[in-house]
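Remarks on the structure that follows.
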Amino acid sequence: MLPMPPALYRAVFRPILFSLDAETAHHLILSMLSMMPPLPVPSDPPELRATLWGLDFPNPIGLAAGMDKDAIATLAWQSLGFGFVELGTITPQPQTGNPKPRVFRIPASNALINRLGFPSEGMDAVAPRIEKARRGGMRMRIALNFGPNKDTPAEKVAADYAALMTRIGALADFIVINVSSPNTPGLRNWQSPERIRELFGAIERRAPILLKIAPDLDDAMLDSISDTAMALRLDGMVVCNTTFKREEVGITSTEVGGLSGQPLCELARDRIARVYGRTGGKLPIVGVGGIASAAEALGHIKAGASLVELYTGLIYEGPGLIAAMKRELANLLKREGFRSISDAVGSAAKV
Ligand SMILES: Cc1cc2nc3c(=O)[nH]c(=O)nc-3n(C[C@H](O)[C@H](O)[C@H](O)COP(=O)(O)O)c2cc1C
């Protein structure tokens with residue numbers, strides 16, 4: 001199943017999966033992946049290696065948060081060829097999320113809209129799975145993405161993040177503080193500089209810590225968040241989450257929720273470039289939004305991302321996408337005269 005070329009996936013497997021409700025298909029794939037024995041992964045070309053926060057990444061392509069919220073299939077992501085995986089969003093207590101249906105495909109635009117609202121088995125269920133995966137031999141890096149429970153009152157949200165850090169922070173290579181999901185009421189308010197300062201003041205740092213932001217912030221807000229992240233010496237930003245935008249990105253669907261996939265690509269790249277420029281390239285950026293090819297990954301890297309992630313692209317292109325992207329990314333680097341990924345980071349930006 002794994003080396004399946006994207007063309008075969010699109011022609012044969014995708015129509016079968018797309019005949020099912022999006023969330024049913026998702027759980028089917030996740031449970032198949034969780035049962036798969038770990039496969040030996042061929043080494044990645046040396047020019048794809050990345051080093052950040054003193055950590056080696058075999059390649060810069062990661063799985064974005066939301067695909068494996070409960071660490072069900074951790075080792076399988078390595079078999080697919082990812083250089084890292086962002087597990088979560090994990091909440092402190094288990095919760096079921098919003099009523100179904102809550103994930104919608106827009107095949108004509110290679111996009112998804114979701115309003116899942118952080119369904120999570122909770123940190124106590126996820127912890128032993130990550131510990132087990134780590135014992136199974138891991139070259140890939142693991143990030144954990146944290147979010148508060150839906151019924152946590154505003155004055156206790158910082159305590160939710162702090163509890164997650166205390167309970168499972170040490171299991172991660174890096175931590176992502178998610179304040180940008182559009183589906184948890186009030187969460188995006190935590191993107192103001194004052195709230196960010198309050199939040200990070202409450203969280204002990206047990207691993208490199210990054211802030212994940214929304215693409216819908218205006219330029220002034222994005223600049224002041226970037227300044228705050230630098231002042232607080234955060235280890236980086238994940239740019240970006242799903243968008244509320246519809247018409248501006250060519251989508252007519254009126255389903256409520258966050259939009260991901262191809263229509264987000266340009267907007268995400270613009271946000272990455274802005275954060276890179278504002279921080280003078282000094283704050284590592286994980287670039288995410290609308291990536292489904294090596295050229296799109298390299299575009300985000302040249303705009304300023306040190307690592308990239310994808311989710312929706314995998315739904316549309318299938319499990320062979322990562323191996324194909326890595327081959328092509330190595331070719332593109334060579335063709336464009338870059339010796340390594342780090343050589344290309346921010347090369348398109350005016351700093
Ligand atoms: C179904 C779905 C669920 C998601 N759940 C989460 C989540 O729990 N936490 C989070 O930070 N981002 C979540 N995301 C956002 C992705 O991590 C990513 O930021 C966004 O989808 C843009 O990337 P893409 O265009 O490659 O999908 C989710 C996205 C999708 C499509």
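The values are calculated or read from the model by the stated rules, or taken from the named source; none is laboratory data. Quick caveat, the model's predicted, so the values are computed rather than measured. As a convention, Cβ positions derive from the backbone with ideal geometry for all residues, glycine included, and neighbour counts pool all protein chains shown.
Among the residues of segment 84-97, those identified as assigned to a loop (DSSP other than H, G, I, E, B) and within 15 Å of the ligand (Cβ to nearest atom) are Thr91, Pro92, Pro94, Thr96, Gly97.
Out of all the residues in segment 195-203, is one or more buried (at least 24 other Cβ atoms within 10 Å of the Cβ) and in a loop (DSSP other than H, G, I, E, B)?
No - not one qualifying residue is present in segment 195-203.
How about segment 98-124: which of its residues are near the ligand (Cβ under 10 Å from one of its atoms), in a loop (DSSP other than H, G, I, E, B) and in contact (Cβ under 8 Å) with a residue 60 or more places away in the chain? Listed by number, the residues that qualify are Arg102, Asn110, Arg115, Leu116, Gly117, Phe118. Residues in segment 125-152 that are outside any loop (DSSP other than H, G, I, E, B) and β-branched (Val, Ile, Thr) were compared, and the one that is nearest to the ligand (Cβ to nearest atom) is Val126. A count restricted to segment 302-351 and to residues that are of a type in the set (S, T, N, Q) and outside any loop (DSSP other than H, G, I, E, B) stands at 3.
Take the conditions (1) within 25 Å of Asp216 (Cβ to Cβ); (2) touching a helix residue (DSSP H, G or I) at 6+ places or on another chain (Cβ under 6 Å); Gly97 misses just one of them, which is (2).
Here is a yes/no grid of residues against (1) modelled with pLDDT under 95; (2) surrounded by fewer than 20 Cβ atoms within 10 Å (Cβ to Cβ); (3) more than 16 Å from the ligand (Cβ to nearest atom); (4) in a strand (DSSP E or B):
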| residue | (1), (2), (3), (4) |
| --- | --- |
| Pro3 | yes, yes, yes, no |
| Leu17 | no, yes, no, no |
| Glu23 | no, yes, no, no |
| His27 | no, yes, no, no |
| Pro37 | yes, yes, yes, no |
| Glu47 | no, yes, yes, no |
| Thr51 | no, yes, yes, yes |
| Asn59 | no, no, yes, no |
| Ala65 | no, no, no, no |
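Restricting Asp235, Asp216, Asp270 to residues that are closer than 20 Å to Ile301 by Cβ, touching a strand residue (DSSP E or B) at 6+ places or on another chain (Cβ under 6 Å) and surrounded by fewer than 22 Cβ atoms within 10 Å (Cβ to Cβ) narrows the list to Asp235.
Scanning segment 220-251 for residues that are within 12 Å of Arg278 (Cβ to Cβ) and either touching a His at 6+ places or on another chain (Cβ under 7 Å) or more than 13 Å from the ligand (Cβ to nearest atom) (or both) yields Ala220, Met221, Leu222, Asp223, Ser224, Ile225, Ser226, Asp227, Thr228, Ala229, Met230. For segment 92-109, does any single residue satisfy the condition of being touching a strand residue (DSSP E or B) at 6+ places or on another chain (Cβ under 7 Å), surrounded by 24 or more Cβ atoms within 10 Å (Cβ to Cβ) and not small (Gly, Ala, Ser)? Checked against the condition, which is being touching a strand residue (DSSP E or B) at 6+ places or on another chain (Cβ under 7 Å), surrounded by 24 or more Cβ atoms within 10 Å (Cβ to Cβ) and not small (Gly, Ala, Ser), segment 92-109 yields no hits at all. Looking across segment 276-296 at every residue that is away from the ligand (no atom under 14 Å from the Cβ) and in contact (Cβ under 8 Å) with a residue 60 or more places away in the chain, the one that is surrounded by the most Cβ atoms within 10 Å (Cβ to Cβ) is identified as Tyr276. Just so you know, in segment 297-319 the residues that are in contact with a Pro (Cβ under 7 Å, 6 or more places away or on another chain) and within 12 Å of the ligand (Cβ to nearest atom) include one that is farthest from Asn178 (Cα to Cα), and it is Glu317. For segment 179-206, a residue qualifies if it is out of contact with any Leu (no Cβ under 8 Å at 6 or more places or on another chain) and of a type outside the set (D, E, K, R), and the qualifying residues are Pro182, Thr184, Pro185, Gly186, Leu187, Asn189, Ser192, Pro193, Leu199, Gly201, Ala202, Ile203. Working only within segment 185-194, note down all residues that are in a helix (DSSP H, G or I) and either of a type in the set (D, E, K, R) or surrounded by fewer than 19 Cβ atoms within 10 Å (Cβ to Cβ) (or both). Once the filter is applied, which keeps residues that are in a helix (DSSP H, G or I) and either of a type in the set (D, E, K, R) or surrounded by fewer than 19 Cβ atoms within 10 Å (Cβ to Cβ) (or both), segment 185-194 yields Arg188, Asn189, Pro193, Glu194. Checking each residue in segment 242-269 for being within 13 Å of Ala214 (Cβ to Cβ) and either assigned to a helix (DSSP H, G or I) or touching a helix residue (DSSP H, G or I) at 6+ places or on another chain (Cβ under 9 Å) (or both) picks out Thr242, Thr243, Lys245, Leu259, Ser260, Leu264, Leu267, Ala268. Among residues of segment 69-79 being buried (at least 24 other Cβ atoms within 10 Å of the Cβ) and in a loop (DSSP other than H, G, I, E, B), the one that is farthest from the ligand (Cβ to nearest atom) is Ala73.
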